[in-house]
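Here's the structure, in structure tokens; my notes come after.
The values are calculated or read from the model by the stated rules, or taken from the named source; none is laboratory data. No experiment lies behind these values; they were computed from the predicted model shown. Note that each Cβ is placed from the backbone with ideal geometry, even for glycine, and that neighbours are counted across all protein chains shown.
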Amino acid sequence: MKIDKKLIKELKDYLDEFNLSEIEYQDGTKKVKVAKNISGITNITAHKPNIPPKKEESGTKITSPIIGTAYLAPEPGGKKFVEVGSQIKKGQTVMIVEAMKTMNHVPSTSDGIVKKVLVQDGEAVEFGQTLILLK
């Protein structure tokens with residue numbers, strides 16, 4: 001195997017230019033990793049905050065079908081689609097998730113009573129995130 005000194009020098013220059021400690025490059029089956037020794041740092045540890053695990057609540061979950069921004073009402077200041085205690089039917093819109101300027105109605109996946117709304121109006125949501133919990 002022939003060592004590509006030009007590529008290694010170029011990667012080393014990127015380490016300096018962008019203040020990186022290592023960089024990796026792959027082209028097909030050729031893979032090159034360049035790292036520099038950071039003097040003065042002998043041990044790096046990361047501490048995870050002691051946060052107790054969230055207790056899973058029981059009930060039927062209505063999850064977000066997409067990544068976007070959740071809206072609890074059809075328009076700002078409007079009446080919310082559902083509130084805690086609301087009786088809802090399968091297929092009924094429970095909120096809107098906006099993604100790329102498109103308003104996507106989120107339907108209920110089953111009949112039930114709203115036990116908890118787990119997101120705030122205007123909050124960013126992830127795909128699969130639980131939005132509403134039904135009894």
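Residue-wise test of (1) surrounded by 15 or more Cβ atoms within 10 Å (Cβ to Cβ); (2) among the aliphatic types (A, V, I, L, M); (3) part of a strand (DSSP E or B).
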| position | (1), (2), (3) |
| --- | --- |
| 83 | no, no, no |
| 97 | yes, yes, yes |
| 105 | no, no, yes |
| 109 | yes, no, no |
| 114 | yes, yes, yes |
| 119 | yes, yes, no |
| 127 | no, no, no |
Matching residues in segment 84-135 - criterion: being within 16 Å of residue 57 (Cβ to Cβ) and among the charged types (D, E, K, R): 115, 116, 135
Return the pairs, sorted by first residue and then second, in which the second residue is among the charged types (D, E, K, R), the first residue lies in segment 8-24 and is over 9 Å from residue 36 (Cβ atoms), the beta carbons are less than 9 Å apart, and the residues are 6+ apart or on different chains. 11/24; 11/33; 23/12; 23/33; 24/31; 24/33
Do you know which of the residues in segment 97-131 that are touching a Gly at 6+ places or on another chain (Cβ under 9 Å) and β-branched (Val, Ile, Thr) is modelled with the lowest pLDDT? 102
